[in-house]
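Laboratory data are not the source of any read-out in this text; all were calculated from the coordinates shown. Note that the structure is predicted; figures quoted are calculated from it, not measured. With ideal geometry, Cβ positions are generated from the backbone for all residues, glycine too; neighbour counts draw on all protein chains shown.
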Amino acid sequence: MIHIFKKGNDESKPTLLLLHGTGGNERDLFPLAERIDPNANVLSVRGNVVENGMPRFFRRLAEGVFDIEDLIKRTEELNEFLNEAADQYGFDRDHILAIGYSNGANIAGSLLFHYQDALKGAILHHPMVPRRGIALPDLTGKKIFIAAGKNDPICSQEESVELKDFFEGAGAKVEMFWENHGHMLTYRELEAAKTWYDQIY
Ligand code: MLT
């Protein structure tokens, strides 16, 4: 997968996996990583699917309607890419914290829904429920921060709470932060994510 790896200077920190929103690329979220932890490794990946010229991490049939078969396939592909990248760059495969926005948050959620050991934790900006009707792996010990919009036209308040309940039902510890600016990733939610991160690391 097209990506950028930036080596950090503190091996005790997680590797920050950056996953952009629809139409973004691997350069977009570097300012977030810089704010969350300037000393951590950063692995930033570009989604392999292109929709009308816009990179994404998996196909959708319509706005908010996911192509589940493709979601499953792309989630596996990303998980395998993480295995390879950990070997290639020599970082700890078991210590990856995803930071995703929108479509990137959705594939991060899908990694957590499908693989017990894909991620140690995640900061999810405006995620949706990636998939319903499956048993999640045991997510005990995983820490997840969700920034959601009370008036997000792409993900309702109910769906954001549903996602939190799925994660908590699987044993993860979830912190929820509510915003009021639609689907936008705001400075306030970035600062809330930073406060959450600093309490853990
Ligand atoms: C998705 O397709 O993943 C969501 O609708 C968010 C987005 O617009 O990318």
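GLU179's amide H: which non-local residues (gap 5+, or another chain) put their own amide H closer than 5 Å, with H modeled 1.01 Å from N in plane and none for Pro or chain starts?
Correct list: ALA148, GLY149, LYS150.
Of LYS73/LYS120; LYS13/LYS194; LYS13/LYS164, which ones are farther than 19 Å apart at the Cα?
Beyond 19 Å between Cα atoms: LYS73/LYS120; LYS13/LYS164.
Say each of ASP67 and MET54 gets a label point 7 Å from the Cα, pointing the same way as Cα to Cβ; how far apart are those two points in nm?
1.5 nm
Would you calculate the separation in nanometres between label points at ILE2 and LYS194, each defined as 7 Å from the Cα along the Cα-to-beta-carbon direction?
3.0 nm
Using a/c under 1.5 as the rounded threshold, could you call segment 125-201 rounded, prolate or oblate? The axes a ≥ b ≥ c are square roots of the C-alpha gyration tensor eigenvalues, and prolate needs a/b larger than b/c, oblate otherwise.
On the way: a/c = 2.84, a/b = 1.16, b/c = 2.45.
Oblate is the answer for segment 125-201, as a/c is 1.5 or above yet b/c matches or exceeds a/b.
Cα centroids of segment 127-201 and segment 80-106: how far apart, whole angstrom?
Centre-to-centre distance over Cα atoms comes out at 18 Å.
When the helices in the chain are scored as -39500 (n - 2.57) per DSSP H run of 4 or longer and the sum is shared across all residues, what 222 nm value do you end up with, to the nearest 500 deg cm²/dmol? Working shown, then result.
Details: 5 runs with 68 residues, N = 201.
When only DSSP H runs of four or more count, the value is -11000 deg cm²/dmol.
GLU51's amide H: which non-local residues (gap 5+, or another chain) put their own amide H closer than 5 Å, with H modeled 1.01 Å from N in plane and none for Pro or chain starts?
Under 5 Å from the amide H of GLU51 lie the amide H atoms of ARG56, each far enough along the sequence or on another chain.
Pull up the DSSP beta bridges for the chain and report the antiparallel fraction as a percent, rounded to 5. Show your work: numbers first, answer last.
On the way: 9 of 35 bridges.
Just about 25 percent of them are antiparallel.
Can you give the relative contact order of the chain as a percent, counting alpha carbon pairs under 8 Å and 6+ residues apart?
Value for the chain: 17 percent.
For labels at GLU80 and ASN25 in the simple 7 Å Cα→Cβ model, what's the distance in nm?
2.6 nm
In terms of modelled amide H atoms, which long-range or inter-chain residues lie less than 5 Å from the amide H of ARG60?
ASP67
Using only the Cα atoms, work out Rg/Rh for segment 1-135, with Rh taken as the Kirkwood radius, to two decimals. Intermediate values should be presented prior to the final figure.
Values: Rg = 13.8 Å, Rh = 14.7 Å.
Over the Cα atoms of segment 1-135, Rg/Rh equals 0.94.
Within a Cβ distance under 13 Å of CYS155, other residues only, what is the Lys/Arg minus Asp/Glu net charge?
Residues near CYS155 contribute -4 overall.
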